[in-house]
Amino acid sequence: MSGVNGIVEMIERKTSEKVEEIIKKAEDYKAKRIAKAEEEAERRKQSIIDEARREAQALLKRYEASAKLRAKHRVLELKSKIMTEVLDEAVEKAKQVRTQPDYKVFLTRMVVEGADALEAPEMELAFPAGQEKVVSISELTKAVKKSTGRDVKLTLSKEPVNASAGVVVRTPDNRRWVDNTVEARVQRLENQLRDAVSRILFRQK
């Protein structure tokens, strides 16, 4: 019986050792799987955090860009509004030239400039209604000759020009003309005026 018992004990011992080995391997495998799962979870967590951070940064950049664009548009709107107000005020002041004591001098200069540009022997002058009385044709003729050295014939148009002040100098056939009304001169100078106003109002500090 002792031989049989010895065999049984040996089998039980080996079986126990095998079971322990299997359990140990299972526990090791379990621990490795848990560690790997934890690493994967940590990696995925960090990936999610990084992705969220990137999205937040991208969103912030888009917001900042949008805010800067809105601010730029607002500045441009204010700039345009101020420039328009300044130009409108300049135009109104220019229109008031007809009420100034030296308006006759202004009209004479406008006629001379127009006549000099046209270089025609005969020209017609169109003034705003009632303003043809400010100057005389004879005085204007003398002023043109003095400035250009040419003899010219000036006549008064029967139709007034639709303007606040100034004059339109044109050939009798109305094929060539120089519009020296206040409105036309302001329009021609508008870009220069805008540049000048912009430099004054928005110069770099």
Check region 67-82 and report whether any residue there is closer than 30 Å to T181 by Cα and of a type in the set (V, I, T). yes
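Residues that are among the acidic types (D, E) and farther than 29 Å from V86 by Cα: does region 179-188 have at least one? Explain how you work it out, then say what you get.
Residues of region 179-188 among the acidic types (D, E): 179, 183.
Imposing the further condition that a residue be farther than 29 Å from V86 by Cα reduces the set to none.
No, region 179-188 has no match at all.
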Of the residues in region 172-181 that are of a type outside the set (F, W, Y) and within 14 Å of V111 (Cβ to Cβ), the one that is farthest from the chain's Cα centre (by Cα) is V178
Matching residues in region 78-90 (surrounded by fewer than 14 Cβ atoms within 10 Å (Cβ to Cβ) and over 13 Å from S198 (Cα atoms)) number 2
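Name the one entry in R109, R43, R62 that is among the basic types (K, R), surrounded by 10 or more Cβ atoms within 10 Å (Cβ to Cβ), modelled with pLDDT of 80 or more and farther than 30 Å from V134 by Cβ.
Numbers: R109 fails: farther than 30 Å from V134 by Cβ; R43 fails: modelled with pLDDT of 80 or more.
Every option except R62 fails the conditions.
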task = With respect to K133, determine if the residue is outside the structural domain of E183 (by TED's automatic domain parsing), charged (D, E, K, R), at negative phi and exposed (fewer than 11 other Cβ atoms within 10 Å of the Cβ).
result = no
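Take the conditions on the phi < 0 side of the Ramachandran plot and in contact with a Phe, Trp or Tyr (Cβ under 6 Å, 6 or more places away or on another chain) and apply them to V167. Does it pass?
Criteria met by V167.
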For A120, the lone unmet condition from (1) without any contact (Cβ under 8 Å) to a residue 24 or more places away in the chain; (2) surrounded by 15 or more Cβ atoms within 10 Å (Cβ to Cβ) is (1)
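Hey, does region 150-157 have a residue that's out of contact with any strand residue (DSSP E or B) (no Cβ under 8 Å at 6 or more places or on another chain) and either at pLDDT below 95 or in the same structural domain as V75 (by TED's automatic domain parsing) (or both)? Explain how you work it out, then say what you get.
Restricting attention to region 150-157, the residues satisfying the condition of being out of contact with any strand residue (DSSP E or B) (no Cβ under 8 Å at 6 or more places or on another chain) are 150-151.
Next, only the ones that are either at pLDDT below 95 or in the same structural domain as V75 (by TED's automatic domain parsing) (or both) stay: 150-151.
Looking through region 150-157, at least one residue is out of contact with any strand residue (DSSP E or B) (no Cβ under 8 Å at 6 or more places or on another chain) and either at pLDDT below 95 or in the same structural domain as V75 (by TED's automatic domain parsing) (or both).
Looking only at residues that are in a strand (DSSP E or B) and out of contact with any Pro (no Cβ under 7 Å at 6 or more places or on another chain) in region 110-132, which one is nearest to V97 (Cα to Cα)?
Residues of region 110-132 in a strand (DSSP E or B): 122-126.
Those still in the list that are out of contact with any Pro (no Cβ under 7 Å at 6 or more places or on another chain) too: 123, 125.
On the way: M123: 24, L125: 19 Å.
Among residues in region 110-132 that are in a strand (DSSP E or B) and out of contact with any Pro (no Cβ under 7 Å at 6 or more places or on another chain), the one nearest to V97 (Cα to Cα) is L125.
The values are calculated or read from the model by the stated rules, or taken from the named source; none is laboratory data. Everything numeric in this text was worked out from a predicted model, so none of it was measured. Positions of Cβ are generated from backbone atoms using ideal geometry, with glycine treated the same way; all protein chains shown enter the neighbour counts.
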